[in-house]
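What follows is a short report on a single structure.
The values are calculated or read from the model by the stated rules, or taken from the named source; none is laboratory data. If you're wondering where the values come from, they're calculated on a predicted model, not measured in any experiment. A quick note on method: Cβ atoms are made from the backbone with ideal geometry, for glycine too, and the neighbour counts reach across all protein chains shown. Accessible surface areas use protein heavy atoms only, side chains included; no ligands, DNA or RNA. Shrake-Rupley method; radii C 1.70, N 1.55, O 1.52, S 1.80 Å.
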Amino acid sequence: GIKERHVLLYISRILPYKRLDILLDNFANITDIALVIVGKGLTSEQAQIVNKTPNYYYLGEVYGEEVNNIYHMGDIFSTPGHIGLALNQAMFWGLPVVVLKGHHAPEITYLKDKYNGFLCNTVDNLRESILELCSNENLLSQMSNNARITYENEMSISQMFQGFMDAVQYVENR
C-alpha cells in the first residue's frame, strides 16, 4: 500500500539512542517519501505520529525473508543516531545509508561519506542529504551502486569470517 515514490527505511530495534524521532520530525507529509519503520519498541507517542501521518508506515517486528522483501523495496536506509549490522544488510541491498556522526558500531567504517551514503554533522544536514538523494536520481543510483560495490568488496560473509579468524589467530599468537 505504499504509494510514495521513494522509500526511506528504518529497520532496527526502536531505542532512544537510535533517534527514530529525527526521521519522524523531519519527513512528515513529504508526499513523495515514505518512511517505513520496522522493529520492536515503538512508543505510544511514536505510534500516534505514525498513525496521523499519511506517508509513515509501521510494519512491526519483521524477520527472515519478509524483512528481505522490505529491504528490497527501499531506496535509502537510516537509523540516524546509531547503526550496527543493519548497515551490512542495507549495503547488500544497495541502499545508501544516511546517519549522524557519533558513536556507532564498528560497521560504520564501511560508510564512506558522499560515496555510499552520508555521515551528517547536524539533523538539518541529515534531512537535506536524504532530500537530495530523493530529488537526484543519478546521485541515488550512483550511491546505490557504490553501496553494493562496498558490500561485495569489503563486507562479504567470507571476509567477515576471515577477519574473525585473523582476530582469533592474533590472540592465540600472543
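Here are the numbers for this structure:
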quantity: Given (1) open to solvent by less than 90 Å² (accessible area, probe 1.4 Å); (2) part of a loop (DSSP other than H, G, I, E, B); (3) at pLDDT below 95; (4) over 27 Å from E128 (Cβ atoms), index of the condition G1 fails; calculated: (1)
quantity: Residue list for the range 113-122, restricted to those being more than 16 Å from F92 (Cβ to Cβ) and either of a type outside the set (S, T, N, Q) or in contact (Cβ under 8 Å) with a residue 24 or more places away in the chain (or both); calculated: D113, K114, Y115, F118, L119, C120
quantity: Selection count where residues are over 14 Å from Y57 (Cβ atoms) and part of a strand (DSSP E or B), scope the range 4-21; calculated: 0
quantity: Residue in the range 94-106 that is farther than 21 Å from L15 by Cβ and out of contact with any helix residue (DSSP H, G or I) (no Cβ under 7 Å at 6 or more places or on another chain) present; calculated: no
quantity: Residue, least open to solvent (accessible area, probe 1.4 Å), within the range 122-143, restricted to residues that are among the small types (G, A, S) and out of contact with any Phe, Trp or Tyr (no Cβ under 9 Å at 6 or more places or on another chain); calculated: S141
quantity: Condition check for L42: surrounded by 15 or more Cβ atoms within 10 Å (Cβ to Cβ), over 30 Å from N145 (Cβ atoms) and in contact (Cβ under 8 Å) with a residue 24 or more places away in the chain; calculated: yes
quantity: Failed criterion for V168 (all others in (1) of a type in the set (V, I, T); (2) within 23 Å of G39 (Cβ to Cβ); (3) part of a helix (DSSP H, G or I) hold); calculated: (2)
quantity: Sole exception among (1) without any contact (Cβ under 8 Å) to a residue 60 or more places away in the chain; (2) of a type outside the set (A, V, I, L, M, F, W, C); (3) touching a Pro at 6+ places or on another chain (Cβ under 9 Å) for R19, by number; calculated: (1)
quantity: Qualifying position, being surrounded by 17 or more Cβ atoms within 10 Å (Cβ to Cβ), at pLDDT 95 or above and more than 20 Å from A90 (Cα to Cα), among N51, N55; calculated: N55
quantity: Of residues in the range 94-121 being β-branched (V, I, T) and surrounded by 17 or more Cβ atoms within 10 Å (Cβ to Cβ), the one farthest from the chain's Cα centre (by Cα); calculated: I108
quantity: Set I14, I33, I22, I83: member being closer than 22 Å to N145 by Cβ, over 11 Å from the mean Cα position of the chain (by Cα) and open to solvent by less than 40 Å² (accessible area, probe 1.4 Å); calculated: I33
